[in-house]
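A short worksheet on the structure shown next.
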Amino acid sequence: LWSKITRKISISSTGEEGNANSDDPVISGNGQYVAFNSYATNLVQGYDNNYGNIFIHYMNNSASISAVVYPDIVKSGDQLTVRVYSPNSTHITVLILNKTFEMEKWEDGLWYLTYVVPTVSDGVYDVLLTATDGVNNQNEVNLYFTVDNTPPVIFATVTPNLVKSEDSISIDVLSSPDTRSVTALIFGETFDLYKQDNEWNLYYVTPNLSEGSYPILLTATDKVGNQNTTLVYFIID
């Protein structure tokens, strides 16, 4: 259930499928044995007696491994976690960017490694896991994470940009698809822009101001925390 792997067990030790019905399975607590009834005559040599017989299938899970990396999209300097389910392993290693790390088994029975992403260019990077059991059986799983250091693009307009005090203005922003939030800093107060389709928008009522040009600092933040800013202005007449 944890690994979401389905296996056929009504087969012979050489992988030949049973030639008759199999039913009434019972699985052991550790998931390594399944007993079942079968009328197949080819599962074990010599059991062609025209009766249903009880068979036990053994699944060698000694070095089985299921793993996940989270978050799978990061920027340089972020921390990611590798989590592994491998109940029969005695040690697990992780190869990331040509460096090998030993994983630690916690009290919950899972294996963990926390890793700080060094300064690397944008791209997809491998995480190679190798699990070893007590008799040196091994299994490998290859995972990936993506590094995104590129700040979001931000382009903004104010409409109209020439107003009188207490008029309403519209602040409209176009930003990269992975942008998670856009904020506007106006007179020391921060406002969240609202996203609609591919645009971000804020309606703002100007306070009672003397004539002049006033700045709005806009900040776009993407899903991994990269930020970009731009300044726009409105004029009070």
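The values are calculated or read from the model by the stated rules, or taken from the named source; none is laboratory data. No experiment lies behind these values; they were computed from the predicted model shown. Neighbour counts run over all protein chains shown; Cβ positions are idealised from the backbone, glycine included. SASA here: full protein model, heavy atoms, side chains in, ligands and nucleic acids out. Shrake-Rupley method; radii C 1.70, N 1.55, O 1.52, S 1.80 Å.
For region 103-157, residues that are open to solvent by 40 Å² or more (accessible area, probe 1.4 Å), among the charged types (D, E, K, R) and over 30 Å from Leu193 (Cα atoms) total 6. Summed over region 101-130, the residues that are in contact with a Leu (Cβ under 9 Å, 6 or more places away or on another chain) and either assigned to a loop (DSSP other than H, G, I, E, B) or free of Cβ contacts under 8 Å to residues at least 12 places away in the same chain (or both) give a count of 6.
For Asp78, the conditions (1) open to solvent by 90 Å² or more (accessible area, probe 1.4 Å); (2) among the acidic types (Asp, Glu); (3) at pLDDT 90 or above are fulfilled apart from (1). In region 5-53, the qualifying residues are those that are in a loop (DSSP other than H, G, I, E, B) and either acidic (Asp, Glu) or at positive phi (or both), and the one that is least open to solvent (accessible area, probe 1.4 Å) is Gly31. Among the numbered conditions (1) within 21 Å of Arg7 (Cβ to Cβ); (2) surrounded by fewer than 13 Cβ atoms within 10 Å (Cβ to Cβ), the only one that Ser66 does not meet is (2).
Looking at region 182-189, is at least one residue over 27 Å from the mean Cα position of the chain (by Cα) and free of Cβ contacts under 8 Å to residues at least 12 places away in the same chain? Yes, there is a match, as at least one residue in region 182-189 is over 27 Å from the mean Cα position of the chain (by Cα) and free of Cβ contacts under 8 Å to residues at least 12 places away in the same chain. Here no strands (runs of 3 or more DSSP E) wholly within region 180-237 include at least 3 residues being open to solvent by less than 40 Å² (accessible area, probe 1.4 Å) and at positive phi.
Mind listing whichever residues of region 91-102 are surrounded by fewer than 14 Cβ atoms within 10 Å (Cβ to Cβ) and of a type in the set (S, T, N, Q)?
Asn98, Thr100
Of all residues in region 54-63 being surrounded by 14 or more Cβ atoms within 10 Å (Cβ to Cβ) and in contact (Cβ under 8 Å) with a residue 60 or more places away in the chain, which is nearest to Leu129 (Cα to Cα)? My answer is Ala63.
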